[in-house]
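Notes to accompany the following structure.
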Amino acid sequence: MSFPRKTHWTKDVTPELDGREVVLTGWVWDIRDIGNIKFILLRDREGIIQLTIKKGIAPESVLSTAQSLGREDAIVVKGVVKASKIAKAGVEVFPSEVHVVAKSKALPIDIWGSVETDLDTRLKFRSIDLKRPINSLIFRVESEVTRAIRDILYNRGFIEVFTPKIIVTSTEGGAELFAVQYFERVAYLAQSPQLYKEELTASLERVFEIAPAYRAEKHNTNYHLNEFISVDIEEAFANYIDVMDVLEDVIINVYDRVNKVFGNELSKYGIEIGVPKKPFRRITYDEALDILSRRGLKINWGDDVPKNGLEILSEELGEPFFIIHFPTDLRAFYTKPLDSDPKISESFDLVIGGLEIASGSSRIHVKEQLIEALKKRGLNPESFENHLMVYDYGMPPHAGWGMGLYRLVMVLLRRDNIREVVLYPRDRFRLEP
């Protein structure tokens, strides 16, 4: 089968191309027939454009092909652009060639918005559900988010790294691990790149990774997944305040870039992007507990702030905001305590939309202190022998954070369920498609 190669996305066809020949590819979104004129709405990843086929103007081959078209047929169209005061986009295309490259059966779910379909059913037919324009927009936004993150980090002197996802021991010291048979041994899927990225600060100084992570926790909420994309950074010769500053720049650039690139499209779906400004509000863990107590939610010192507590704090403080100085025992073993009060740590959470989006801290860089922290949590230092070795050879002070990409996109686009911003979600009950 031979057909012309695509020259333009639908979004690129503007009145300024009046009189130009273009080649478009995509799927038939809708067909309207009003006598001697047939209007075909062509959808591609970037949008929808009108094809106008008139008897007496269009070639017979185009007229014949148009009669056979159905919704979601994949087509290639060559035609001439015409500026229009009537067409919704201010432009239409008059085809000289229409090639049908794949016919479509009737879809098992509605993608046009005429019938509401529950999320579980949509996820069952995910590849078809992704044809919905709002979904195309979600994942175009998600791609731009990762670009905006990378731009800030590269500009800040970080380099991108790729660490193993099959590991021999727990990263965090917890039990929520997926075991895998690795030849004759049992290995585990990595919960995070934490230990590797800390080790890399002793050579590469500033590193980041955007990659999958795995948690074998039996959650069933609208904001937890068992496979997710984690954005992680680690910086040598830095503390938690330094990397909070990096995180602020990342968030601001994400919101600003998405607003500039997709603001008009998102507004059609009632999504307005407010770009936050520095500095973000910062409160201590103790201050957070005081606020929640005044609002009727009592939390014992040493317990984590629950989801409903974060929602109350978001209402009270606005967002984004940081909670800093969590109890040391509440954080992972590598978290550095405050020199002035070891019960409290140099740590933080970033909260947006009532959700913890990122978590970070200064890290312990003295081997003896790290061994003591492991023992205090009932962990065997011998299990971390390879990691601890690095601390004998000039391990610098360092700090970093991890951020959930999907959670960030979820709150950015005001989605109710994190699965809406994941192509093929993996949770406690979902292993396919």
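The values are calculated or read from the model by the stated rules, or taken from the named source; none is laboratory data. As the structure is a computational prediction, the values presented were derived from the model and not from experiment. Note that each Cβ is placed from the backbone with ideal geometry, even for glycine, and that neighbours are counted across all protein chains shown. For the accessible areas, the whole protein counts, side chains as well, though only heavy atoms, and no ligand, DNA or RNA atoms are used. Shrake-Rupley method; radii C 1.70, N 1.55, O 1.52, S 1.80 Å.
Here Leu292 qualifies as part of a helix (DSSP H, G or I) and more than 25 Å from Asp242 (Cβ to Cβ).
Just to be sure before I move on: is Glu248 surrounded by 13 or more Cβ atoms within 10 Å (Cβ to Cβ), part of a helix (DSSP H, G or I) and touching a strand residue (DSSP E or B) at 6+ places or on another chain (Cβ under 9 Å) in the structure I sent? The answer is yes for Glu248.
Total residues in the range 392-407 satisfying the condition of being aromatic (Phe, Trp, Tyr) and open to solvent by 20 Å² or more (accessible area, probe 1.4 Å): the figure is 2. Within the range 256-286, being assigned to a helix (DSSP H, G or I), in contact (Cβ under 8 Å) with a residue 40 or more places away in the chain, surrounded by fewer than 20 Cβ atoms within 10 Å (Cβ to Cβ) and not charged (D, E, K, R) holds for Val261, Phe262. Scanning the range 193-234 for residues that are of a type in the set (Asp, Glu), in contact with a helix residue (DSSP H, G or I) (Cβ under 9 Å, 6 or more places away or on another chain) and under 28 Å from Gly354 (Cβ atoms) yields a total of 3. Residues in the range 121-130: is at least one of a type outside the set (A, V, I, L, M) and closer than 18 Å to Leu42 by Cα? Yes, that holds for at least one residue. Scanning the range 218-242 for residues that are open to solvent by 50 Å² or more (accessible area, probe 1.4 Å) and of a type in the set (Asp, Glu) yields Glu227, Asp242. Within the range 336-362, being open to solvent by 10 Å² or more (accessible area, probe 1.4 Å) and under 22 Å from Met395 (Cβ atoms) holds for Lys336, Pro337, Leu338, Asp339, Pro342, Glu346, Ser359. In the range 162-217, how many residues are free of Cβ contacts under 8 Å to residues at least 60 places away in the same chain, within 12 Å of Gly400 (Cβ to Cβ) and open to solvent by less than 40 Å² (accessible area, probe 1.4 Å)? Residues that pass the stated criteria total 4. The residues of the range 98-150 that are open to solvent by 60 Å² or more (accessible area, probe 1.4 Å) and among the aliphatic types (A, V, I, L, M), listed by number, are Ala106, Val115. Scanning the range 295-309 for residues that are open to solvent by 20 Å² or more (accessible area, probe 1.4 Å) and either of a type in the set (Phe, Trp, Tyr) or assigned to a helix (DSSP H, G or I) (or both) yields Trp301, Lys307, Asn308. Taken over the range 366-391, the criterion of being surrounded by fewer than 17 Cβ atoms within 10 Å (Cβ to Cβ) and small (Gly, Ala, Ser) is satisfied by Gly378, Ser383. For the criterion of being in contact with a Leu (Cβ under 8 Å, 6 or more places away or on another chain), aliphatic (A, V, I, L, M) and open to solvent by less than 60 Å² (accessible area, probe 1.4 Å), Met410 passes.
Across the range 71-81, the qualifying residues are those that are within 28 Å of Lys105 (Cα to Cα) and more than 34 Å from the chain's Cα centre (by Cα), and the one among them that is surrounded by the most Cβ atoms within 10 Å (Cβ to Cβ) is Gly79. If you go through the range 82-97 and keep only what is assigned to a loop (DSSP other than H, G, I, E, B) and open to solvent by 60 Å² or more (accessible area, probe 1.4 Å), you end up with Lys85, Ile86, Lys88, Ala89.
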